[in-house]
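To start, the structure itself, in structure tokens.
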């Protein structure tokens, strides 16, 4: 049940990512719904779940992107890994922490994606363009993250996935 | 103690997944995996097509609701009549827009003399770094990687990858896109490159000739990457650089990828 729900959530996020999200483009960036879902899962279910679902979500994104299958999954992992330790050590998490976790994950995702693409011989944008787009996406995702985490928490309660996070 | 063990298990899982994804990326890039990769990517295409259609319908619906909310102050009878008329207008506008785009495509097909395959856009690239689109035609319809993609208005990009029933198009807006062009009035040559905000053009200097705003940039065919004569865009602004061998211009692209629904794949031209 839990896995089916997670898979459905990520498939929906990936499909919305490539069909609806580009309509919300601001400053060359648009929200990364899969990244938001994965960060929300990390907040609610912990590091290991976050890492596994980052892989699943990344592969789904790779299926809609040019090039090999794996770079998006690989790019999502470092961000989830880093924020999972940060989250674990927070005593009183608030909306600002949630937003910052999305911004940090986006920055690490963007850097990892460019590096991975470079590693597998895919074309990569110049540093200036990549930095500009990564910054815009980080701000965008940070603004949407509190809404995303609330949505995932409500969905989690709805399908009785497990105990609520403290 | 428990925290340290959990941390160590997470680190182990992280390293294992990183290695697995890196191996997957390298393996799926091999020529022998191209068929399986294309088939896997085509698997999502029908659902993407359905989602894109749903998004278009929601757009129409929300525009009707937007109009209705602005008419709340008016009386009930007029509001009902207006609602009905507005819905009709939105539907007619949508149909007219689609008709115009199809008619433009048909005219382009007749005028260009190329063999074309019409395709519907079913998705966009998942990240901002690569400006790509997914279309609902693939190798089964004669679409091959490298083929040029256009609309009735002009050049859109190139097929990057093709699966059996879907293909990924790299648009000119992609920062990696480059196309050699010439200008309609001055005949100056240059290269148009993609960018996050607009297309940029490097114009080669020529003695006594300068580029001016409003000139059209068309594919020159130089390099064999694109057929000659496809419209790319209009010069919006030119920055003259005396100390350099080239000027810089901003190009207003004839295509707005955000509003496109149909494209044409030129199937009888492959880059040399």
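Note on region A:54-68: residues that are touching a helix residue (DSSP H, G or I) at 6+ places or on another chain (Cβ under 6 Å), more than 7 Å from chain B (Cβ to nearest Cβ) and either on the phi > 0 side of the Ramachandran plot or not in a helix (DSSP H, G or I) (or both) total 0. Answer yes if at least one residue in region B:146-164 is modelled with pLDDT of 90 or more, under 30 Å from residue A:114 (Cα atoms) and not in a strand (DSSP E or B), and no otherwise. Taking every residue of region B:146-164 in turn, at least one turns out to be modelled with pLDDT of 90 or more, under 30 Å from residue A:114 (Cα atoms) and not in a strand (DSSP E or B). Taking the listed residues A:15, A:51, A:35, the one that is more than 8 Å from chain B (Cβ to nearest Cβ) and either part of a helix (DSSP H, G or I) or modelled with pLDDT under 90 (or both) is A:35, with no other qualifying.
Region B:1-75 holds helices (runs of 4 or more DSSP H) entirely within its bounds, and those carrying 1 or more residues that are at pLDDT below 75 and within 21 Å of residue A:21 (Cβ to Cβ) map to B:45-70. Taken over region B:177-194, the criterion of being closer than 20 Å to residue B:260 by Cβ and surrounded by fewer than 21 Cβ atoms within 10 Å (Cβ to Cβ) is satisfied by B:177 alone. Any residue in region B:211-233 that is surrounded by 20 or more Cβ atoms within 10 Å (Cβ to Cβ), under 29 Å from residue B:119 (Cβ atoms) and in contact with a helix residue (DSSP H, G or I) (Cβ under 7 Å, 6 or more places away or on another chain)? There is no residue in region B:211-233 that is surrounded by 20 or more Cβ atoms within 10 Å (Cβ to Cβ), under 29 Å from residue B:119 (Cβ atoms) and in contact with a helix residue (DSSP H, G or I) (Cβ under 7 Å, 6 or more places away or on another chain).
Would you tally the residues in region B:230-243 being without any contact (Cβ under 8 Å) to a residue 24 or more places away in the chain and not in a strand (DSSP E or B)? Total satisfying the criteria: 3.
If you go through region B:94-114 one residue at a time, do you hit one that is more than 30 Å from residue B:167 (Cα to Cα), loosely packed, with under 12 Cβ neighbours inside 10 Å and either touching a strand residue (DSSP E or B) at 6+ places or on another chain (Cβ under 7 Å) or modelled with pLDDT under 80 (or both)? Scanning region B:94-114, I find no residue that is more than 30 Å from residue B:167 (Cα to Cα), loosely packed, with under 12 Cβ neighbours inside 10 Å and either touching a strand residue (DSSP E or B) at 6+ places or on another chain (Cβ under 7 Å) or modelled with pLDDT under 80 (or both), so the answer is no. Just one of (1) under 23 Å from residue A:113 (Cβ atoms); (2) at the interface with chain A (Cβ under 7 Å from one of its Cβ atoms) fails for residue B:20. It is (2).
The values are calculated or read from the model by the stated rules, or taken from the named source; none is laboratory data. If you're wondering where the values come from, they're calculated on a predicted model, not measured in any experiment. Neighbour counts run over all protein chains shown; Cβ positions are idealised from the backbone, glycine included.
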